[in-house]
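> I have a structure here, written as structure tokens, and I will follow up with some questions on it.
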């Protein structure tokens, strides 16, 4: 399984929106700069996420983007599946688009790949963007400078 650049950018954009605490929407240029996402690519991604009901936008000088629902109700897995499709290391273990095994008599690795898919799903489906923001803040606050003058 590989996460596409588009999916990775989408995850980072949603993270930026989840981290944003202000009442005003976050401008696309701010998201692009903060997350190092090419702005033209980000426009396409945010439009797609808007169509999926994950983000909302407001036009105009005071416009921008915000999450369509609270960050604690939005999982990494939801965004990954929306952007990249099924989360499966091989097609035959996909839950949404399974492919018939091409090996006569079945594959000896089927149960292994099913466990890998389940392990990945367990992590991405229980990790919310609120969790990621909290973890990011905890990592950021872990360093205490020792200033000696």
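> Please specify each residue of region 19-35 satisfying the condition of being out of contact with any strand residue (DSSP E or B) (no Cβ under 6 Å at 6 or more places or on another chain), under 23 Å from residue 124 (Cβ atoms) and in contact (Cβ under 8 Å) with a residue 24 or more places away in the chain.
Across region 19-35, the qualifying residues are 19, 31, 35.
> Could you list all residues from region 1-35 that are loosely packed, with under 15 Cβ neighbours inside 10 Å and more than 29 Å from residue 88 (Cβ to Cβ)?
Result: 21, 22, 23, 24, 27, 29, 30, 33.
> Something else: When only residues in region 83-99 that are in contact (Cβ under 8 Å) with a residue 60 or more places away in the chain and assigned to a helix (DSSP H, G or I) count, which is nearest to residue 16 (Cα to Cα)?
Filtering first and then ranking leaves 83.
> How many of the residues in region 39-69 are over 15 Å from the mean Cα position of the chain (by Cα), in contact (Cβ under 8 Å) with a residue 12 or more places away in the chain and surrounded by fewer than 12 Cβ atoms within 10 Å (Cβ to Cβ)?
2
> Based on this model, can you work out whether residue 143 counts as modelled with pLDDT of 90 or more and either in a loop (DSSP other than H, G, I, E, B) or buried (at least 16 other Cβ atoms within 10 Å of the Cβ) (or both)?
In short, no.
> Okay, moving on. Does residue 90 meet the test of being surrounded by 15 or more Cβ atoms within 10 Å (Cβ to Cβ) and more than 14 Å from residue 14 (Cα to Cα)?
Considered against the rule, which asks whether it is surrounded by 15 or more Cβ atoms within 10 Å (Cβ to Cβ) and more than 14 Å from residue 14 (Cα to Cα), residue 90 comes out as yes.
The values are calculated or read from the model by the stated rules, or taken from the named source; none is laboratory data. Every value quoted in this text rests on a predicted model; they were computed, and no experiment measured them. Glycine gets a Cβ as well: all are built from the backbone with ideal geometry, and neighbour counts include every protein chain shown.
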